[in-house]
Amino acid sequence: MSLFDGILKNIAGAPDDVRNLAHAVGIEPAMAEKAIAALGHSHQMQGDTVELASARTGLDTSVLSQIVEHIGGEGSLMEFSNLLKEHPQAKGLLDM
């Protein structure tokens, strides 16, 4: 199980795992992990979370908006962002 699978399972309304999320939005699981990390990181910054994550990943904002929706919206994104900060393994992904 990937780091993100474990974190996603801790958020109400999140899909079972990264692979399911990736399939739901039509991207590869590796890109879904990058997108999730970028959204978590961008949520901590000033500005529009989805636009900032789009700039970091190159993914269209509509795909990133779908990911936010699948993980439970802005409230869940805040929880996800906080959980990412607690995991040392995520720091490397957030700094990419």
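The values are calculated or read from the model by the stated rules, or taken from the named source; none is laboratory data. Fair warning: this is a prediction, and the values are worked out from it, not measured in the lab. Because the Cβ atoms are built from the backbone with ideal geometry, glycine has one as well, and the counts that use them run over all protein chains shown. To get the accessible areas, we keep the full protein, side chains included, count just its heavy atoms, and leave off ligands, DNA and RNA. Shrake-Rupley method; radii C 1.70, N 1.55, O 1.52, S 1.80 Å.
Looking only at residues that are among the hydrophobic types (A, V, I, L, M, F, W, C) and farther than 20 Å from Val18 by Cβ in segment 45-55, which one is surrounded by the most Cβ atoms within 10 Å (Cβ to Cβ)? Spell out how you get there, then give the answer.
Filtering segment 45-55 for residues among the hydrophobic types (A, V, I, L, M, F, W, C) gives 45, 50, 52-53, 55.
Imposing the further condition that a residue be farther than 20 Å from Val18 by Cβ reduces the set to 45, 52, 55.
Values: Met45: 10, Leu52: 19, Ala55: 14.
Ranking the candidates gives Leu52 first.
Among the residues of segment 63-85, those that are of a type outside the set (Gly, Ala, Ser) and free of Cβ contacts under 8 Å to residues at least 60 places away in the same chain comprise Val63, Leu64, Gln66, Ile67, Val68, Glu69, His70, Glu74, Leu77, Met78, Asn82, Lys85. Does segment 74-96 include one or more residues that are modelled with pLDDT of 80 or more and part of a helix (DSSP H, G or I)? No, the conditions are met nowhere in segment 74-96. In a residue-by-residue description of segment 56-64, the property of being crowded, with 22+ Cβ neighbours inside 10 Å, at pLDDT 90 or above and part of a helix (DSSP H, G or I) applies to at least one position.
When the residues of segment 30-39 are narrowed to those that are of a type outside the set (Asp, Glu) and either open to solvent by 40 Å² or more (accessible area, probe 1.4 Å) or touching an Asp or Glu at 6+ places or on another chain (Cβ under 7 Å) (or both), which ends up nearest to Glu79 (Cα to Cα)?
Looking at the filtered set, the residue picked out is Lys34.
Out of curiosity, is Ser42 at pLDDT 80 or above, among the hydroxyl-bearing types (Ser, Thr, Tyr) and either open to solvent by 30 Å² or more (accessible area, probe 1.4 Å) or closer than 18 Å to Gly73 by Cβ (or both)?
So Ser42 fits the description; yes.
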